[in-house]
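These notes are about the structure you will find just below.
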Amino acid sequence: MQAATYTRYGGPEVVSINQVPRPVPGKDEVLIRVHASTVSAGDWRMRSLDVPSGLGLAARAFAGWTRPRKPVLGGDAAGIIVDKGTQVSSWEVGDAVVAYPGAALGGHAEYLSMPANGVMARKPACLSFVATAA
C-alpha cells in the first residue's frame, strides 16, 4: 500500500509517498481503508520535532531519539472497515467510520489497523469522508 512516510525529522520535504506493508488486523482490531485524513499541528510537531521549550528530550524519547519511531503520521482518519479480527463484534466490514488512532498514528496511509475498542465512531451519513475527517 502507499503511505506518506518520513525517516528523519525536518520540514515538509522529508515526507514522501512510499510503498509500505499493508497492516493485518489482530484478533481485536479492525482494518480501515482510509478515504480522508488531516494534517494536524500534532503531525507537524512529530515531523519537525519542533516542540515547546523544555519538551525536546521528552519528545525525542517518545517519537524516536535519532529518527522517527513511527514512519507514518496521521492522528485521525475517515474510511470504511474492510477487515476485522476474529474477536471483533462491535463493528462490521462495510461500516463507515471516523477513527482517532492518537499516538499510534498511521492515518496518512491507504489502510489503518487499530483496536476495535479504540476511539472510533460511525461516520454520519450526511457528511462526506473529507468533512468527517476534518
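Given their separation in residues at 0.36 nm each and the Cα-Cα distance between them, VAL82 and VAL119 gain 11.6 nm when the chain is fully extended. Would the range 1-52 count as rounded, prolate or oblate if I go by the C-alpha gyration tensor, calling it rounded below 1.5 in a/c and otherwise prolate when a/b exceeds b/c, oblate otherwise? Prolate. Could you work out which residue, out of ASP43, ASP76, ASP28, moves most in a Gaussian network model of the chain, that is, has the largest mean-square fluctuation with Cα springs under 10 Å? Of the options given, ASP28 has the highest mean-square fluctuation. In the range 2-133, taking the dipole from charged Cβ atoms about the Cα centre, the farthest positive-side position among GLN2, GLY106, THR66 is held by THR66.
One decimal place: the segment TRP65-SER128 gains 18.9 nm when fully extended, by the rule 0.36 nm per residue minus the C-alpha distance.
Only Lys, Arg, Asp and Glu carry charge here, each on its Cβ (+1 for the first two, -1 for the last two); on that basis the range 4-114 has a dipole of about 460 debye about its Cα centre.
The mean of 1/r over all pairs of different alpha-carbon atoms in the chain, once inverted, gives a Kirkwood hydrodynamic radius of 15.3 Å. For the range 1-110, trypsin sites (Lys or Arg not before Pro) meeting the loop criterion (DSSP other than H, G, I, E, B) and having at most 10 other Cβ atoms within 10 Å: LYS27.
Electrostatic bookkeeping for ALA96 treats Lys and Arg as +1 and Asp and Glu as -1; over the other residues with beta carbon under 11 Å from its beta carbon, the sum is +1. Each Lys or Arg adds one and each Asp or Glu takes one away; over the other residues whose Cβ falls under 15 Å from the Cβ of VAL39, this sums to -2. Placing dummy labels 7 Å off each Cα toward the beta-carbon, the span from TRP44 to SER89 is 4.5 nm. Temperature 4 °C, viscosity 1.567 mPa s: under these conditions the Stokes-Einstein estimate for the range 84-134, based on its Kirkwood radius over C-alpha pairs, is 108 µm² per second.
All of the numbers you see were taken from the coordinates with simple rules; none came from a lab. Only a predicted model underlies this, so the values are computations on that prediction, with no experimental measurement involved. When we count neighbours, we look across all protein chains shown, and the Cβ atoms used for this are built from the backbone with ideal geometry, even at glycine.
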